[in-house]
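Working notes for the structure below.
None of the figures in this text is laboratory data; all of them are computed from the coordinates on show. None of the values given here were measured: they were computed from a predicted structure. Cβ: placed from backbone, ideal geometry, glycine included. Neighbour counts: every protein chain shown.
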Amino acid sequence: MNIFIPKSVQETLEILNKYCSECIILGGGTLTVPMISELNPRAVILLDKIPLSYIKQIESKKIEIGSTTKISSIMGHDNLGALNIAAKSISGWAIRNMATVGGNILAGFPWGDLATLLTVLDAELLVESVNGERVLDLGKLYGDEEKRPKLQSNELIKSVSFLSPDSNTYFIKVERFKGTKRGILTIATRLIIDKEGYITAARIAFGSAFYHPLRDKIVEEFLKGKMLSADIIEKALEKISVSRLFLKDSLASEQYRSKLAKIYLRRILESYMIQISRRVT
Ligand SMILES: Cc1cc2nc3c(=O)[nH]c(=O)nc-3n(C[C@H](O)[C@H](O)[C@H](O)COP(=O)(O)OP(=O)(O)OC[C@H]3O[C@@H](n4cnc5c(N)ncnc54)[C@H](O)[C@@H]3O)c2cc1C
């Protein structure tokens, strides 16, 4: 097995292109290292030395994070709102100091807490191979509902850009036992509500429950153009459609996850109602 520690993106892409599917990329290595003996790849690429660890504001309401940025670096940043909450919710310090943003996006069930939030912030990935760059809507990467997300074998995630989380953005992680950190279900939402109280855009995503985070476009579509009320919330909860895909594991059954989805989405939607009533009074 060849181990590479490239110093630039270009060098990384050339190695990736040479070994393609016989090669493994290590972001922080927290998920991949334990699998290396079993997978027995021809090449392993460590991303530690490539200059993709950064967090920057790219427009007044947009942020870009380099793919090798550690989850602990997000925690140290002031203006990331709900993203700070999501980062803090991930495991313990040892994992957060190693795990990267790129790795969390491709982590798959039951992980991907940052990724759940990023999907409601209309995140886009900048992905590159020797053939050039492409911008990939994170929702498209998660498009195949019943499979783990995958890039082409010679592609590298360079960065993710997304709308700055504001007070309209919520992230909740439900754990079985306090402090276990691994979620049974995560919910992220972003509602844009106009001055009259009508929802002009809705983003609602669930995570830790299927192969990757997933937006519930049926609920989103239902909420668009509506004004929140007890009745509308009730109807929205009945429309949760992604629960048909919930997986079971040692922490929870599909049915339990479905119940939690309703309970916590109700709480979040009621919080928006409180926000609106405060605006009016
Ligand atoms: C004990 C434990 C507890 C955890 N708890 C949580 C939790 O509470 N919440 C949570 O969300 N996650 C949790 N995780 C998962 C953790 O967040 C992931 O391990 C992490 O996100 C993966 O990051 P990594 O950088 O180590 O990825 P790696 O293990 O290095 O890689 C994961 C995958 O991404 C690919 N990859 C990585 N970077 C790139 C890139 N730039 N371009 C292309 N492909 C890339 C790798 O090839 C691999 O397929 C936990 C993990 C452990 C071990």
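The magnitude of the dipole of the stretch 2-163, with charges of +1 and -1 set on the Cβ of Lys/Arg and Asp/Glu and taken from the Cα centre, is near 320 debye. Remark: the stretch 132-137, residue by residue, has Karplus-estimated 3J(HN,Hα) of x, 9, 9, 9, 10, 4 Hz, where x stands for each Gly or Pro and the curve is 6.51 cos²θ - 1.76 cosθ + 1.60 at θ = phi - 60°.
Looking at the stretch 65-151, the trypsin sites (Lys or Arg not before Pro) that sit in a DSSP loop and have at most 14 other Cβ atoms within 10 Å of their own Cβ are K147, K150. Within the chain, helices built from complete DSSP H runs that reach 18 Å or longer along their own axis (Cα positions) and carry a mean Kyte-Doolittle hydropathy of -1.0 or higher are 254-280.
Straight-line cross-link partners of K181 among the aspartates and glutamates, defined as a Cα under 17 Å from its Cα and at least 8 positions apart when in the same chain: D113, D249. In straight-distance terms, cross-link reach from K235 covers every one of the lysines whose alpha-carbon lies under 20 Å from its own, apart from those fewer than eight places away in the same chain; here that gives K217, K224, K226, K259, K262.
Each eigenvalue of the Cα gyration tensor of the chain, multiplied by 5 and square-rooted, gives one semi-axis; in descending order these are 34, 20, 17 Å.
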